[in-house]
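Here the structure is laid out as structure tokens; the discussion comes afterwards.
The values are calculated or read from the model by the stated rules, or taken from the named source; none is laboratory data. Note that the structure is a prediction, hence the values are computed from the model and not measured. Note that each Cβ is placed from the backbone with ideal geometry, even for glycine, and that neighbours are counted across all protein chains shown. Just so you know, the surface numbers come from the protein's heavy atoms only, side chains and all, with ligands and any DNA or RNA stripped out. Shrake-Rupley method; radii C 1.70, N 1.55, O 1.52, S 1.80 Å.
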Amino acid sequence: MPSTASRPTSAPPRNAPSGLVPKTPTPPKTLRPARGATPAARVRAHLRRAAPALLAYAAVRVTGLLALAVWAHRRHHGVWPILATHWDADWYLGIADHGYTHHLGTTYDANNLAFFPLYPVLVKAVAVLTPGTRATTGWAIAVACSFLAAWGIHSVGSHLHGRRVGVLLTVLWAALPVGLVEWMGYTESLFTAFAAWSLYAVLTGRWLWAASLAALSGLTRPTGIAVAAAVTVTALLSLRNGFSVRALAAAALAPAGWLAYVGWVGLRLGRWDGYFAVQRLWHNEWDGGVETVRRLREVLGADSTPELFLVMVTVTLLASMALYVVSVWDRQPLPLLVFTGVLLLIVLGSGGVYFPRARFLLPGFPLLLPAALHLARASPRFRAVCLTAAVLGSAYCGAYMALVWPSAP
């Protein structure tokens, strides 16, 4: 593969936000669809280009699954309940089975309106068309969406810095310490797929696609507002280079999903702050980071025997903050910086529970771009050692998280 300095480049696509899209490597001619090719042909060509990244992604996640299976067998513990029915997966299955509650109540950690609707709706809809239980359907959707997410992540990395970086970025995302969640009945894979493809659409000037995917992300997780912010801010700033109806429409459409669900919860509970009242019952109030700092100090300086999982969460938070600083220094495209910046602001500024925060940051794949770029320029031996350590570490952390850590991931 040619070096960064010698890669051929092409101009940003028409309607792309000026000044926000770096020059991109030209795909190999064998993978470029012919002029006038059908959309299906273009998708196939794009998929062939991403195939190495998707195979590498599958290898990393299968390694983690095998480690979990071996460890679970030795502990005489089933693997399937861990993947498909525990913790948040159980909440989503309950929503798919029985719908949402009509009342706020006063019981803590018990109101299912805290969980956004798109994933349970998909589980309920797809389960009608497929054999097996809804738990099986939910797990299958999560796994399928993880590959869509990996494809989107590769597309972003490859678009910005070439195929090698795209593959490395995908592998690093797969090998995150909480990467096992990507193959559990959770919403992280679905949300990351929407986020990655929405950001790719922004970078390539496809405003309405970007906004539609951002709106869907806002129906999937509370942090969907970070995707919406990336699309809306970039679209509005692009208007400085000339008025565009599509960009203006995208800016308005992107937060629609998040606003629709928050508004619906308010109507259902009969109070304008209904969703936020639900979050308070889950101890999820905004405190500007006070609780985060307190827990960081506790894990790093006050607790002589901190839980290993909490140490991993703490290291993940600190590494994410450092990687964001590097990303700003590297002048990443604005949509990526807005997305990861708002995501970090939400996760770090919450006064809620501490232990799931590494999982909450799992969709923030642009934070891994500096590491992917560094590995792309490193020697093959150094790259192999780092990736091997990351994959094995992820396999261990995932199994520990599922089998030893007593609470939700």
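Laid out as a table, the results:
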read-out: Spin-label model distance (nm) - residue 106 vs residue 325, 7 Å beyond Cα toward Cβ; value: 4.7 nm
read-out: Spherically averaged projected area in nm², based on the convex hull that wraps the Cα atoms of the range 117-236; value: 7.6 nm²
read-out: Over the chain, relative contact order from alpha-carbon pairs under 8 Å, at least 6 apart, %; value: 21 percent
read-out: Choice from 76, 103, 159 showing the highest fluctuation, given a GNM over the chain with Cα pairs closer than 10 Å; value: 76
read-out: ³J(HN,Hα), Karplus 6.51/-1.76/1.60, whole Hz, each residue of the range 361-369, x for Gly, Pro; value: 8, 4, x, x, 4, x, 4, 8, 4
read-out: For the range 149-244: relative contact order, % (alpha-carbon pairs under 8 angstrom, 6 or more apart); value: 22 percent
read-out: Sites residue 249 and residue 284 - FRET efficiency at Förster radius 35 Å, r taken between beta-carbons, to 0.05; value: 0.65
read-out: Rounded accessible area per residue of the chain, 1.4 Å, Å²; value: 46 Å²
read-out: Residues whose placed amide H lies under 5 Å from that of residue 286, excluding near-sequence neighbours; value: 351
read-out: Among 37, 230, 252: highest mean-square fluctuation, GNM of the chain, C-alpha pairs under 10 Å; value: 37
read-out: Viscosity 1.567 mPa s, temperature 4 °C, Stokes-Einstein D of the range 184-335 from Kirkwood C-alpha radius, µm²/s; value: 73 µm²/s
read-out: Exposure rank, largest accessible area first [276, 365; 1.4 Å]; value: 276, 365
read-out: Cα-only radius of gyration and Dmax that characterise the range 192-276, units Å; value: 13.4, 44
read-out: FRET efficiency estimate (nearest 0.05) - Cβ-Cβ, residue 259 to residue 126, R0 25 angstrom; value: 0.45
read-out: Label-point separation, residue 315 to residue 86 (7 Å along Cα→Cβ), nm; value: 2.1 nm
read-out: Kirkwood Rh, Cα atoms: Rg over Rh of the range 95-147; value: 1.06
read-out: Sites residue 114 and residue 308 - FRET efficiency at Förster radius 22 Å, r taken between beta-carbons, to 0.05; value: 0.20
read-out: Charge dipole (debye, nearest 20) of the chain; +1 at Cβ of Lys and Arg, -1 at Cβ of Asp and Glu; value: 1920 debye
